[in-house]
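For reference, the structure discussed in these notes is given below.
The values are calculated or read from the model by the stated rules, or taken from the named source; none is laboratory data. Predicted, not measured: the structure shown is a model, and the values here were computed from it. Neighbour counts run over all protein chains shown; Cβ positions are idealised from the backbone, glycine included.
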Amino acid sequence: MSALDQIRIAVADTDADILRCFDVMHELRPALKREEFIERVRRQERQAGYRIAYVEHEGEIRAVAGFRLGEYLAWGMSMYVDDLVTRPTERSRGYGGRLMDWLRSRAVAANCEELHLDSGVQRFAAHRFYLLNRMDITSHHFRMKLR
């Protein structure tokens, strides 16, 4: 049995589990504040069906993904991954790959036609990971800051 056979992937349903995901999520989203995190996640759950999945191994959260299911004119029923991050000290150990497999399986079970995510253009290592996980680069995402 390999070490990765002993990991657990779950959805953070309780406030305590959501808060346990903060330190890893903060690696990707450094503007987040611990004292606002649960409230923001709960608000996104209500507004858009946002959920956080996490990989736990030996009692520690190693990777997290924020995702939502929705129907889009452009894509049909799809899973959109808002956030996907592995703790920096745990990268290249299989946690991200297992989480991607879990997300893919969950999307298929929800009858999604596609799985989408955006990634900053500077995140070259992440892009290699996405390409290795059979994702294609299909567009550029543009934004305008309003504040």
Please work out if GLY59 is on the phi > 0 side of the Ramachandran plot, surrounded by fewer than 17 Cβ atoms within 10 Å (Cβ to Cβ) and modelled with pLDDT under 95.
no
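With assigned to a loop (DSSP other than H, G, I, E, B) and either within 16 Å of the chain's Cα centre (by Cα) or buried (at least 16 other Cβ atoms within 10 Å of the Cβ) (or both) as the only criterion, which of MET100, MET135 stands out?
The unique qualifying residue is MET135.
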Could you count how many residues in the range 64-97 are on the phi < 0 side of the Ramachandran plot and surrounded by 15 or more Cβ atoms within 10 Å (Cβ to Cβ)?
23
Pull up the range 105-129, narrow it to residues that are under 14 Å from the mean Cα position of the chain (by Cα) and not in a loop (DSSP other than H, G, I, E, B), then point me to the one that is surrounded by the fewest Cβ atoms within 10 Å (Cβ to Cβ).
SER105
